[in-house]
Structures are given as structure tokens and as C-alpha cells.
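**Q** Can you keep this structure in mind? I'll have questions shortly.
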Amino acid sequence: MAHEINTLNDSPAPVILTVPGLCNSGPGHWQTLWEAQLPHCRRVDLGLWEDPHRNTWVNKLNLAIQRAEGPVVLAAHSLGCLAVAWWAEYEQPGSSWGSGPVEGGKVIGALLVAPPDVEERPLDRRLTRFAPVPEAALPFPSVLVASRNDPYLTMAQARGLARRWGS
């Protein structure tokens, strides 16, 4: 498969992997629209959309990252943000997976949109399966996006997550 080249630095264009949350992302969702419009954007099929399992999601995310050709940008929504954070946690050097997404690794950045509260006052009991929230800073640049009217996470909690993850 031929790679599109980023003319700024002659490296392959990054693959954008969308990481949906609970119940997947429907036809009008921003992730679905990106996948339809951006040539290097594709969804990670985490499965178990109605009954998520943290380790299953993290393993499927890991497999998608490993199979991607070239650098990867993760675009996660809702519970998918926690899957990304747990993937990074498990990938740290010294973890059971061992290798670690060290600087210069395959994942070059992440967009984390509307992560939910999984610890203090989760609105859906299924969210607690991703608790506790990983404490370590993500080993790649990230942006956390939140809104003031999100019933799943307060702005104070969003700021706390952003600080915790280095976003």
C-alpha cells in the first residue's frame, strides 16, 4: 500500500484511529463523519459496545495501533478516552506488556473528547468497569476537550483529568 507523504517532513501521513465510547458512534457522530471524509481515518472496532470490558477494549486498541502503517493519532470519544488512557498505562515500561509507548513511539498524539466520570458519580454503571482512572501522564501529546453542559463529567473533573494525563 502506498503511503501519502507529509511534505513538511517527508514522513508518512498519520493514520487517525477513532476510538468510540459506549454504544459506538452513530451515523451523524463526528467520528463517523471524519471516517467518511478523511482518507487516513478509520474506526477501531472495540466490540462489546453495549457491554464494554476494559481489557478487551485495550487489547483491541493495541492490535489496531500495531497494525496501522505509519504514525498514529488517536481520536477518542467518551469511554474511548479511558480505553486510550488504560492502553498507555498498560504499555508503560515495566508493565505486563513491557514495551511501552515511549517517546518516538507509533502514537504521536491523541484527541480526547468528552471523557466520562468513571469513579465519583458515573451516570451508567458500565462506566465503572474502567475505574480507577489511570494516574500517569500520557506519553504523547494530547488535547482533552470538554463542555460545560456534559452530564457525564464536570469542568472541574475535566481539568483534573487534563492535568493528570498531561493534556
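**Q** Would you mind telling me which residue in ALA85, ALA156, ALA64 has the biggest mean-square fluctuation in a Gaussian network model of the chain, where springs connect alpha carbons within a distance under 10 angstrom?
**A** ALA156
**Q** While we're on this one: What percent of all Cα-Cα pairs in the chain falls in each 10 Å bin, counting up from 0?
**A** 10, 41, 37, 11, 1
**Q** Rounded to the nearest 500, what is the chain's calculated 222 nm mean residue ellipticity when only DSSP H runs of at least 4 contribute -39500 (n - 2.57) each, over all residues?
**A** Mean residue ellipticity, 222 nm, calculated: -8000 deg cm²/dmol.
**Q** Okay, moving on. Which residue fluctuates the most in the chain, going by a Gaussian network model with Cα springs under 10 Å, if the choices are GLN157, GLN37, GLN66?
**A** GLN37
**Q** Amide H to amide H, which residues 5 or more places from HIS77 or on other chains are under 5 Å from it, using H placed in the peptide plane?
**A** VAL19, GLY21, VAL113
**Q** Shifting gears a bit: Rank LEU127, LEU63, LEU22 by mean-square fluctuation in a GNM of the chain with C-alpha springs under 10 angstrom and give only the top-ranked residue.
**A** Taking springs between Cα atoms under 10 Å, the residue moving most is LEU63.
**Q** Placing +1 at every Lys and Arg Cβ and -1 at every Asp and Glu Cβ, with all other atoms neutral, what dipole size does the range 29-167 have around its Cα centre, in debye to the nearest 20? Please report the intermediate quantities before stating the final value.
**A** Working: 14 positive and 14 negative charges, 18 e Å.
Computed charge dipole of the range 29-167: roughly 80 debye.
**Q** Find out how many positive minus negative residues lie around TRP34, taking Lys and Arg as positive, Asp and Glu as negative, among other residues whose Cβ is under 13 Å from that of TRP34.
**A** Details: positive: ARG42, ARG43; negative: GLU35.
With Lys, Arg at +1 and Asp, Glu at -1, the net is +1.
Values in this text are rule-based calculations from the coordinates and carry no lab data. Just so you know, these numbers come straight off a predicted model, no measurement behind them. Neighbour counts run over all protein chains shown; Cβ positions are idealised from the backbone, glycine included.
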